[in-house]
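Undergrad: Here it is, the structure, as structure tokens.
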Amino acid sequence: MNRPHTTRNSVVGVVAAVGLLSAWTAHLIWILGWDVPATSPLWIAGAVMVQTFLHTGLFITGHDAMHGTVCPADSRVNDALGWAAIKLYALFDYDTLRRKHWDHHDDPVTEDDPDFHDGGADRFWPWYAGFLREYMGIWQFIGMAVAFNILHHLAGVSLWNLNLLWVAPSLLSTLQLFYFGTYLPHRRPEDGFDDAHHATTNDFSPWLSFLTCYHFGYHWEHHAHPETPWWKLPRRRARESD
């Protein structure tokens, strides 16, 4: 093991994970206190975009933890941060999600891939609906409904704020993740896939790649090198392109 390399990756990974968790929490607390009807629609739109991006960051953090890349030097810290991120994202069970994600890596775009639900036609909406059915269960809906009602009835957060600034970004985040992280990279090319990873990658610049989905669109690189954390995928992409 390259200990200095592992230590550096762990420090950067933990800082990134804690930073995303903290930014998501602070921004959500701030916007849930707004007087939405009296706030400019531009501010509302901006808040929704920022919260969607941060919410997606929760999943990316949990995803990297499933690969052991948030804190490779300490699996307990790695899994604790991944568990927290996944719970905040949508009350997922971390171990179940990790198992399904590795099933996806083992057999991408096959009948054994839990992420693949397009019926062979690569149709966006049926695939997206099947994707949600695979991962969203009744207990998650109940848990989120309980959280919604606690925030509304006990914490006094208005329905405007909850629906526009918490529920909407959460739903938009699922679209962001699915479109850039599953649909685009795993949609079958006309001439077929090049190898067993059954994944393609985009040509976005590093900044656009980051803004669209934390470099998740560099997806062939992720499948070929799952030990690479999200923040190092641009470097991996550049190396593979040389």
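Undergrad: Over the chain, what is the relative contact order in whole percent, taking alpha-carbon pairs under 8 Å and six or more residues apart? Present the calculation step by step, with values, prior to reporting the outcome.
TA: Working: 274 pairs, mean separation 48.9, N = 242.
Relative contact order for the chain comes out at 20 percent.
Undergrad: In whole Å, what three semi-axes, largest first, describe the equivalent ellipsoid of the chain built from its Cα gyration tensor (square root of 5 times each eigenvalue)? Numbers along the way, then the final one.
TA: Values: eigenvalues 179, 96, 64 Å².
Value: 30, 22, 18 Å, ordered largest first.
Undergrad: Just to confirm my numbers, what's the Cα centroid distance between the stretch 12-54 and the stretch 123-186 in Å?
TA: Their Cα centres are 16 Å away from one another.
Undergrad: Using a 10 Å cut-off around each Cβ, can you sort ARG98, ARG123 from fewest to most neighbouring Cβ atoms? Can you show the working numbers first?
TA: Details: ARG98 21, ARG123 14.
Taking fewest neighbouring Cβ atoms as first place, the list is ARG123, ARG98.
Undergrad: Then there is this: Could you list the residues of the stretch 65-84 with an amide nitrogen less than 11 Å from a label point located 7 Å from the Cα of GLU227 in the Cα-to-C-beta direction?
TA: none
Undergrad: Give me the number: length gained by fully extending ARG99 to PHE141, i.e. 0.36 nm times residue separation minus the C-alpha to C-alpha distance, one decimal in nm. Mind dumping the intermediate values first?
TA: On the way: separation 42, 0.36 × 42 = 15.12 nm, distance 2.10 nm.
Gain in length upon complete extension: 13.0 nm.
Undergrad: Let me ask something else about it. Could you give the alpha-carbon Rg of the stretch 137-203 over 2.2 N^0.38 Å, rounded to two decimals? Before the final figure, lay out each step's value.
TA: Values: Rg = 18.5 Å, N = 67, 2.2 N^0.38 = 10.9 Å.
Cα-based Rg divided by the globular estimate yields 1.70.
Undergrad: Using Cβ contacts closer than 10 Å as the measure, can you line up VAL70, VAL11, VAL48 from fewest to most?
TA: Working: VAL70 30, VAL11 12, VAL48 17.
Ranking VAL70, VAL11, VAL48 by Cβ neighbours within 10 Å, fewest first, gives VAL11, VAL48, VAL70.
Undergrad: For the stretch 102-151, take N as its residue count and report Rg(C-alpha) divided by 2.2 N^0.38 Å. Show your work: numbers first, answer last.
TA: Values: Rg = 14.3 Å, N = 50, 2.2 N^0.38 = 9.7 Å.
Its radius of gyration relative to the 2.2 N^0.38 Å reference: 1.47.
Undergrad: May I ask for the angle, rounded to the nearest 10°, between helix 168-178 and the longest principal axis of the chain, with both axes built from Cα atoms and the value confined to 0 to 90°?
TA: Helix 168-178 and the main axis of the chain meet at about 10 degrees.
Undergrad: Right, next: Gain in length, TYR179 to ASP112, computed as 0.36 nm per residue apart minus the alpha-carbon separation, to one decimal in nm? Walk me through the numbers on the way to the answer.
TA: Details: separation 67, 0.36 × 67 = 24.12 nm, distance 2.04 nm.
Length gained, TYR179 through ASP112: 22.1 nm.
Undergrad: Give, in nm to one decimal, the length gained when the segment between GLU134 and SER22 is fully stretched (0.36 nm per residue of separation minus the Cα-Cα distance).
TA: Values: separation 112, 0.36 × 112 = 40.32 nm, distance 2.88 nm.
My answer for the length gained is 37.4 nm.
Undergrad: Please give the charge dipole size of the chain, origin at the Cα centre, charges +1 on K and R Cβ atoms and -1 on D and E Cβ atoms. Round to the nearest 20 debye.
TA: Values: 16 positive and 25 negative charges, 193 e Å.
That gives a dipole near 920 debye.
Undergrad: Which order results if GLU227, GLU190, GLU111, GLU221 are arranged by neighbouring Cβ count within 10 Å, fewest first? Numbers along the way, then the final one.
TA: Details: GLU227 12, GLU190 4, GLU111 7, GLU221 24.
By the 10 Å Cβ count, ascending, the order reads GLU190, GLU111, GLU227, GLU221.
Since every read-out is calculated from the coordinates, none of them should be taken as a lab result. Values in this document were obtained by computation on a predicted structure and should not be read as measured data. Positions of Cβ are backbone-derived with ideal geometry, glycine not excepted, and every protein chain shown enters the neighbour counts.
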